[in-house]
Amino acid sequence: VDFSPDGTYFIASCEFSGQLIKFDLITMQVVATMNLEANSSQPQDVRLASDGSRFLVADMAANGIWEIDGEKFTVMNFLESDAGPHGIYPSRDASQMYISNRNAGSISVYDVATHTIVKRWKIPGGGSPDMGGVSADGKVLWLAGRTDNVVYAIDVVNWTLLAKIPVGRG
């Protein structure tokens, strides 16, 4: 789920139905439903792009990112990412969005100004990056390693793996 710039609605993903919903916070009702139909879609994380111009939806089954016009509730574009995009995290300066690709063991970088994927970075030795967040100073992307029982610390300034921290099963 993420909220519109004016806070009047949110868009949520429905992973197992392949749908998105638009929920009006004034009427407290679902006002629209959208079927994503690429490769039996499995939408995951939903994030408003840092510039507020569109919503980004990570789709694990379609292997890409949907760009959604929230007001019209229509698809603007689909960008191929890597296998299994799952989480979307804004950089602290709001210029980029980091996308964790669970099945590819990689991170894709979405440029907010150009609305394109400008970088793909593989975790050395492979991995299963899932959910996480960006450090307060914006230099480190922290991600859970879903099936590797680790947490990754990734330097997003120099694009190096700082650590794979063992955390136990699950």
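The values are calculated or read from the model by the stated rules, or taken from the named source; none is laboratory data. Quantities reported herein were computed from a predicted structural model and do not represent experimental measurements. Ideal geometry is used to build each Cβ from the backbone, glycine not excepted, and the neighbour counts take in all protein chains shown. Ligands, DNA and RNA are stripped out before the accessible areas are found, and what is left, the full protein with its side chains, is counted by its heavy atoms. Shrake-Rupley method; radii C 1.70, N 1.55, O 1.52, S 1.80 Å.
Okay, here's what the table says:
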| quantity | calculated |
| --- | --- |
| Set of segment 54-73 residues, backbone N closer than 13 Å to the point 7 Å along the Cα-Cβ line of F23 | none |
| Phi-based couplings in Hz for segment 82-98 (Karplus 6.51, -1.76, 1.60; Gly and Pro marked x) | 10, 5, x, x, 10, x, 10, 9, x, 5, 5, 8, 6, 8, 9, 10, 8 |
| Sequence-separation-based contact order of segment 65-157, relative, with Cα cut under 8 Å and 6+ spacing, percent | 18 |
| Excluding exposed DSSP-loop chymotrypsin sites (Phe, Trp or Tyr not before Pro) (at most 14 other C-beta within 10 Å), longest clean stretch of the chain | 17-158 |
| Distance (nanometres) between label positions extended 7 Å along Cα→Cβ at E71 and E15 | 3.3 |
| Cα-centred dipole magnitude for segment 32-160, charges only on beta-carbon of K, R (+1) and D, E (-1), debye, nearest 20 | 240 |
| Rounded, prolate or oblate (a/c below 1.5 giving rounded, otherwise prolate when a/b exceeds b/c) for segment 23-68 by Cα gyration tensor | oblate |
| Exposure ranking of M28, M131, M97 by accessible area [1.4 Å probe, largest first] | M28, M131, M97 |
| With at most 10 other Cβ atoms within 10 Å, longest stretch of the chain clear of loop trypsin sites (Lys or Arg not before Pro) (DSSP) | 73-168 |
| Rel. contact order, % - alpha carbon contacts under 8 angstrom, at least six apart, segment 101-150 | 31 |
| With DNA, RNA and ligands ignored, accessible area of S81 (1.4 Å probe; Å², nearest 10) | 10 |
| Euclidean distance between Cα centres, segment 121-170 to segment 58-74, Å | 25 |
| 3J(HN,Hα) from dihedral phi, segment 106-116, Karplus parametrisation 6.51/-1.76/1.60, rounded to Hz, x for glycine, proline | 9, 10, 9, 10, 9, 8, 5, 5, 9, 6, 9 |
| Local electrostatic count at A58 - Lys and Arg +1, Asp and Glu -1, tallied over other residues with Cβ under 15 Å | -3 |
| Long-range amide H partners of V150 with built H, under 5 Å | G145, V167 |
| Contact order relative to length of the chain, as percent, for alpha carbon pairs under 8 angstrom and 6 or more apart | 11 |
| Whole-number D in µm² s⁻¹ for the chain, Kirkwood Cα-pair radius fed into Stokes-Einstein, 25 °C, 0.890 mPa s | 152 |
| Spin-label pair L162/S135, simplified geometry with 7 Å Cα→Cβ offset, distance in nm | 0.2 |
| In sequence order, calculated HN-Hα J values of segment 51-56 (Karplus, 6.51, -1.76, 1.60; Hz; x Gly/Pro) | 8, x, 7, 6, 9, 10 |
| Distant-in-sequence amide H partners of S106 (H built 1.01 Å from N, under 5 Å) | N101, I123 |
| Per residue accessible area in Å² of the chain, where ligands, DNA and RNA are left out and the probe is 1.4 Å | 47 |
